[in-house]
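Quick note: the coordinates plus some simple rules give every number you see, no bench work behind them. These numbers come from a predicted model, not from an experiment. Please note: Cβ atoms are built from the backbone with ideal geometry, for glycine as well, and neighbour counts cover all protein chains shown.
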Protein chains: 2
Amino acid sequence: MPTKTKQPLKRALVEQAFSVIEERGVEHLSLREVARRLGVSHQAPYKHFRSRDHILAAVVERCFADFAQHLSSRHSCDDPYDDLHQMGLAYLEFARRYPLQYRLMFNTALPDGAAHPEMLAQAQFAFSILYDKLCTMTLKDPGHPIPDPVKHDAIYIWSALHGLASLMQSDVTSTLGLSSEDKAVAVARLMRRMSISIAP
Amino acid sequence: MPTKTKQPLKRALVEQAFSVIEERGVEHLSLREVARRLGVSHQAPYKHFRSRDHILAAVVERCFADFAQHLSSRHSCDDPYDDLHQMGLAYLEFARRYPLQYRLMFNTALPDGAAHPEMLAQAQFAFSILYDKLCTMTLKDPGHPIPDPVKHDAIYIWSALHGLASLMQSDVTSTLGLSSEDKAVAVARLMRRMSISIAP
């Protein structure tokens, strides 16, 4: 998880925080543990982060930034439905390749967005990629604020992708005897059903 | 989580196992801990369960049985799309009211289905409620084996419901500022989009 800040200690703290979560779980994240691993004084992290929630917010902010970049760098298509399909594949690929980042965004007790505006901004930016895509597909004059029906369609599409990503990684699909081929076809089927359902 | 077996010790063991999971997490489930809580000898559980996985399978089996019963006892409608809508609402209600049971079925390392055929049968039965519903909606001559397209549509609908149920309980929807009203409308929207997408 490379970070882009020019402050080397801050960057190292965020990366080390991610490693703590990866190895020991988010409940073991503390500024003291991060400092210990970096070999700096246990006061050093406070230069950049006021609390454990602040460093967790910085980790989650990076996850959303990486996720948004991954979605934006999909193979893009001229046909809007093909392009939505590509975005869906990019979404599922991120969930499969980066399960911890994925879980941190969508399945973790998050710090309060109001207290961590930079994390919130990255989360909103990631979601806006889907919003904007749907706006260009369904509205003649895309713009802000996002109309409610587009927002609710975005939640629908996000739910379907999130549900599929989660189920594909769960034990229950194996328990039910779904093969790899079933799973691959199910992905294509879901994408097609989504396209049919939002077509004008 | 009432169980239906006529064997009182077995029933008490399964209920106590559920309590251990509820209070301490599935990773702390052991036959020894269950016996200790019931005040029986630590050999007593082995009369009914050969291992920790066997008692976990019995707990999960009850979850699937309760879930299937909940889906089946929905308010049923003559119109098949209205009925699918009711099934979706029943699904989401179960996830909201019984988050631990829900998580045990769909978000836990499950015992191997082949080694625990009774758990597997209950899981398959729960899934068959959705299969059968889709068969009656989309096929002229419903029957077994289930045709692949119906199976893949079932995965699509399940994914959308599972994703919505998970996101509604996650912090990220609050982080993004979705209100209760947004969530309620999103549920209705998702149901409508699903119906549109699978209509013949």
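Remarks
- With the convex hull drawn around the C-alpha atoms of the protein assembly as shown, the volume per residue stands at 167 Å³.
- Over segment B:63-198, volume per residue of the alpha carbon convex hull, in Å³: 122
- Within 10 Å of each Cβ in B:149-157, the average number of Cβ atoms from other chains: 6
- Dipole of segment B:1-49, positive end: most advanced residue of B:F18, B:P8, B:H28 [Cβ charges, Cα centre]: B:P8
- Cβ charges +1 (Lys, Arg) and -1 (Asp, Glu), total dipole of chain A, debye: 740
- Ranked A:S30, B:S180, criterion: other C-beta atoms within 10 Å, fewest first: B:S180, A:S30
- 10 Å Cβ neighbours from other chains, averaged over peptide B:182-192: 4
- Relative contact order, percent, segment A:1-90 [alpha-carbon distance under 8 Å, six or more residues apart]: 22
- Selected from B:V187, B:V40, B:V14 as most flexible by GNM, with chain B as the system and alpha-carbon contacts under 10 Å: B:V40
- Relative contact order of chain B, defined on C-alpha pairs under 8 angstrom at six or more residues apart (%): 17
- Here each label is just a point 7 Å from Cα along the line to Cβ, and for B:R103 and A:H42 those points are 3.0 nm apart.
- All Cα pairs of segment A:1-49, percent lying beyond 16 Å: 32
- In degrees, nearest ten, helix B:180-198 long axis to first principal axis of chain B (Cα): 70
- The mean number of Cβ atoms from other chains found within 10 Å of a Cβ in peptide A:75-83 is 0, as a whole number.
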